[in-house]
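The values are calculated or read from the model by the stated rules, or taken from the named source; none is laboratory data. Small disclaimer: the values here were computed from a predicted structure and weren't measured. Using ideal geometry, Cβ is built from the backbone for each residue, glycine included, and neighbour counts are taken over all protein chains shown. These accessible areas exclude ligands, DNA and RNA; they are computed on the full protein's heavy atoms, side chains included. Shrake-Rupley method; radii C 1.70, N 1.55, O 1.52, S 1.80 Å.
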Amino acid sequence: MLDGVLERITYANPETGYTIARIAPDRGTGRGPVSAMTELVTAVGALLGANVGESLRLRGRWTSHPKYGKQFEVHSYTTVLPATEQGIRRYLGSGMIKGIGPVMAERMVGHFGVDIMHVIDDEPDRLIEVQGLGPKRVDRVKRAWEEQKAIKEVMVFLQGVGVSTSLAVKIYKKYGDESVDTVKKNPYRLASDVWGIGFKTADTIAASVGIARDSPERVTAGLAYTLSEAADNGHCYLPADELTENAVKILGVGTELIPPCLEALADAEGAVREDLPPAWDPEAPPVRAVYLPPFYYAERSLATGLSRLSASASDRLPAFASVDWDKAFSWLRAKTGADLATEQADAVRLALTQKVAVLTGGPGCGKSFTVRSVVELAVARKAKVILAAPTGRAAKRLAELTGHEAATIHRLLKLQPGGDPEFDQDNPLDADLVVVDETSMVDTVLANKLVKAVPPGAHLLLVGDTDQLPSVGAGEVLRDLIGSQALPVVRLTKIFRQAQRSGIVVNAHRVNAGRWPVPPAPASALATAPAPATSPAPQSGQIMKFDDFFWFNCDETDETPALVADIVARRIPAKFGLDPRRDVQVLCPMHRGPAGAGNLNLLLQEQLTPFKEGKPERRYGGRVFRVGDKVTQLRNNYDKGVAGVFNGTTGVVTGMSMEEHTLTVRTDEDEEVDYAFDELDELAHAYAVTIHRSQGSEYPAVVIPLTTSAWMMLQRNLLYTGITRAKKLVVLAGSRRALAAAVRTRSAGRRHTALAYRIQREMDA
């Protein structure tokens, strides 16, 4: 056993809980002082959830590591109250109790000495004796201390069933004094009620409290989890056979248990079963589809809404039904200084004469100028134009290219707490023309909310690139709209001459066609080892011919992360003068692995926002947050900010209060948003993000690591999406083998959706 104060955490893996920490041990028989001369010892093991400043009682054994020497291997731990003035001062000042920071902790201990813990516990009203602690602040400290005590009591039980400290706090905040009863009687509720707890965690807890593996309760929860996982992977439904197969693998039970539990799922949670025609094989029998309710009703409603808009008898842009297009385009030429290509002119006419229209095409094909032309002509006719995009960055770009205000779809609809929009079919937007950019990343649920809010007679123009990755959320709306063959579509295919001088544009199209990026020219200042440009594939140390597209070869997967960090932190700033945090974004095929977003965030944080003595920081799970960190939101939270903060929103940490237990983020939409310390699982570092999470965004410079450790994710549309996120510069770094795999491998397959079928059926009705 080892007693001591947790001084710092040097490493923590949020997935496994494995932690490496430095402990200031109690050297005496009692809890002796922790002085500046106290020799710190290393503790390793299951310490995730413990906070710096806490006094811990560690159970385990001493071991000797061949490289790092003597260390304590932790099997379990409990928190204990410190008994020395210095230990108490550190404990109270660590941010554990809201309302008390280091300065106030010093005053409290200075006034009461070691009795301060007794005072807080039994005579909290005496805290008013401390200078600076008025009645309101004392009341806050009392409430925070009582909550901490209640949470600790709940944690004693929860830790026994494998729940981490951070999740125990969330469970307590959700259920309060009913936490233990809820966990014992219905642990699967946690998966749907508590953010951060999934089925697997709930299942582990259920086993600990004695729920049988073959119980109907467990199997029903497992079916719901399987459908939810499918939705997370983009599917609106699962075929019944696939659902059964996947659920049996997850649950480890026989298939005979599935049918009655599927009935229970339909009764309890409204799961919907429907026979659908096969999506891709007309000769195949109908598919028995199983939906979770939100996706079923959103898909049906979206198809109905598009049909309603298309068939509307009224027209809020009536002037364009009889416009002289030659004169209109002549006026536009004078206004913009450029001619429209034939495809672009077709798209402009379509958007202004059809109630619903789709514009698609790759980079450099003129989508942006076409959209600007549509908006210019509509505004010239005094039309009310609304511009929207899925992300803040995409909305800013849309505003820049059109010269008119644009908003995110969430802000446009004014989503309320709980996710219900202020604007809907009963309270539509006041618009004659609605233009939505980056539609490829709009999922079925959000698309349904948007279409409902478009008023009858208004025109809806949906713009996007079907060759990019589909939305993070369920569905593939843009592809299904085009695939339905029931809506007017213009596809721009011509790459304009100016765009042909861009390595980003040219190589995006080459990759999309399954071809290598343009062979490299001699190395420039960014390369490290020049070599002749004679091979059809990039070679070590070489870059592409273009001055905006670089290739760094590194065949060793373990060396690629350091190379990427050096490119971001040193080489790009030195060569191009770009800010490594604001202007450069690392986009990874996946989160895990040596060159995954998780590991690269650790490396880049140490390069760009390193630890500084005396500067505040807050650890949550395996992450450490510091002022200046680049972060991203991990889930939709309708209760934050003016109109919610949404999955994929990025920003920078601008402030941190250890006393108030808050961290402040300025988002890309220039909004200051506060997070309580127990909400930090909603944030992750964003120096590096997955390519999936980058959809709808554009960055001055993009760096993409390509290694064989991400083999299963190396696909053409993934690389294409990553390249097209860059505005000025792309750097690829990794192995030729990984690049070859990404170029030659098509997407793994289509998602399970029925939107195209439903649109066809609605339009034919």
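What to note about this one:
- Selection of region 62-94 for residues being outside any strand (DSSP E or B), within 24 Å of E660 (Cβ to Cβ) and not aromatic (F, W, Y) yields L81, P82, G87, I88, R89, R90, L92, G93, S94.
- Condition check for I151: under 23 Å from T78 (Cα atoms), at pLDDT 85 or above, of a type outside the set (S, T, Y) and in a helix (DSSP H, G or I): no
- Tabulated pairs, region 569-581, first under 15 Å from P610 (Cα atoms) and at pLDDT 95 or above, second open to solvent by 60 Å² or more (accessible area, probe 1.4 Å) and among the charged types (D, E, K, R), C-beta under 8 angstrom, 6+ apart or interchain: none
- Applying the criterion of being modelled with pLDDT of 85 or more and among the small types (G, A, S) to the residues of region 28-86, the residue that is most open to solvent (accessible area, probe 1.4 Å) is S64.
- Test: residue in region 638-652 that is open to solvent by 10 Å² or more (accessible area, probe 1.4 Å) and assigned to a strand (DSSP E or B): yes
- Only residues that are under 17 Å from R751 (Cβ atoms) and in contact with a Cys (Cβ under 7 Å, 6 or more places away or on another chain) were counted in region 212-261, giving 0.
- Filter pass, L450 being part of a helix (DSSP H, G or I) and within 30 Å of the chain's Cα centre (by Cα): yes
- Enumeration of residues in region 219-238 that are hydroxyl-bearing (S, T, Y), over 20 Å from the mean Cα position of the chain (by Cα) and within 25 Å of D480 (Cβ to Cβ): T226, Y237
- Any hit, region 175-190, residues being in contact (Cβ under 8 Å) with a residue 40 or more places away in the chain and over 28 Å from R273 (Cα atoms): no
- Among residues of region 351-382, those that are among the β-branched types (V, I, T) and either open to solvent by 30 Å² or more (accessible area, probe 1.4 Å) or part of a helix (DSSP H, G or I) (or both), counted: 6
- Unmet requirement for P610, which otherwise passes all of (1) more than 29 Å from R90 (Cβ to Cβ); (2) free of Cβ contacts under 8 Å to residues at least 24 places away in the same chain: (1)
- Remark: S709 falls outside the filter, which requires a residue to be of a type in the set (G, A, S), within 22 Å of S484 (Cβ to Cβ), open to solvent by 10 Å² or more (accessible area, probe 1.4 Å) and touching a residue at least 24 places away in the same chain (Cβ under 8 Å).
- The set of residues from region 717-764 being in a helix (DSSP H, G or I), out of contact with any Lys or Arg (no Cβ under 9 Å at 6 or more places or on another chain) and surrounded by fewer than 22 Cβ atoms within 10 Å (Cβ to Cβ) comprises R736, R737, A740, A741, Y757, Q760, R761, M763, D764.
- Scanning region 567-612 for residues that are of a type in the set (S, T, N, Q), part of a helix (DSSP H, G or I) and touching a helix residue (DSSP H, G or I) at 6+ places or on another chain (Cβ under 9 Å) yields a total of 2.
- For region 95-140, the set of residues classified as outside any helix (DSSP H, G or I) and surrounded by fewer than 18 Cβ atoms within 10 Å (Cβ to Cβ) consists of E123, Q131, G132, G134, listed by residue number.
- Any chance R308 is touching a residue at least 60 places away in the same chain (Cβ under 8 Å), open to solvent by 30 Å² or more (accessible area, probe 1.4 Å) and in a loop (DSSP other than H, G, I, E, B): no
- In region 416-439, the qualifying residues are those that are under 20 Å from the mean Cα position of the chain (by Cα) and open to solvent by less than 10 Å² (accessible area, probe 1.4 Å), and the one that is modelled with the highest pLDDT is T439.
- On inspection, K335 qualifies as surrounded by fewer than 19 Cβ atoms within 10 Å (Cβ to Cβ), touching a helix residue (DSSP H, G or I) at 6+ places or on another chain (Cβ under 7 Å) and assigned to a helix (DSSP H, G or I).
- When the criteria are applied in full, V348 fails the requirement of being touching a residue at least 60 places away in the same chain (Cβ under 8 Å), under 25 Å from M763 (Cβ atoms) and surrounded by 19 or more Cβ atoms within 10 Å (Cβ to Cβ).
- The number of residues in region 194-248 being part of a helix (DSSP H, G or I) and basic (K, R) comes to 2.
- Contact annotation: residue pairs with Cβ atoms under 8 Å, 6 or more positions apart or on different chains, pairing a residue in region 227-245 that is among the hydroxyl-bearing types (S, T, Y) with a partner that is buried (at least 19 other Cβ atoms within 10 Å of the Cβ) and part of a strand (DSSP E or B), are Y237/A289; Y237/V290; Y237/Y291.
- Only a single item in (1) of a type outside the set (A, V, I, L, M); (2) surrounded by fewer than 17 Cβ atoms within 10 Å (Cβ to Cβ); (3) more than 17 Å from the chain's Cα centre (by Cα) is not met by R626, and it is number (2).
- In this structure, A284 qualifies as open to solvent by less than 60 Å² (accessible area, probe 1.4 Å) and either in contact with a Ser or Thr (Cβ under 8 Å, 6 or more places away or on another chain) or at negative phi (or both).
- Scan of region 311-332 for residues that are in a helix (DSSP H, G or I), touching a residue at least 60 places away in the same chain (Cβ under 8 Å) and either under 27 Å from A231 (Cα atoms) or open to solvent by less than 30 Å² (accessible area, probe 1.4 Å) (or both), ordered by number: F320
- Some residue of region 235-253 being open to solvent by less than 70 Å² (accessible area, probe 1.4 Å) and of a type in the set (S, T, Y): yes
- Check on A271, more than 29 Å from the chain's Cα centre (by Cα), open to solvent by less than 30 Å² (accessible area, probe 1.4 Å) and either over 28 Å from L487 (Cβ atoms) or free of Cβ contacts under 8 Å to residues at least 60 places away in the same chain (or both): no
- Only residues that are touching a residue at least 60 places away in the same chain (Cβ under 8 Å) and among the polar types (S, T, N, Q) were counted in region 658-689, giving 1.
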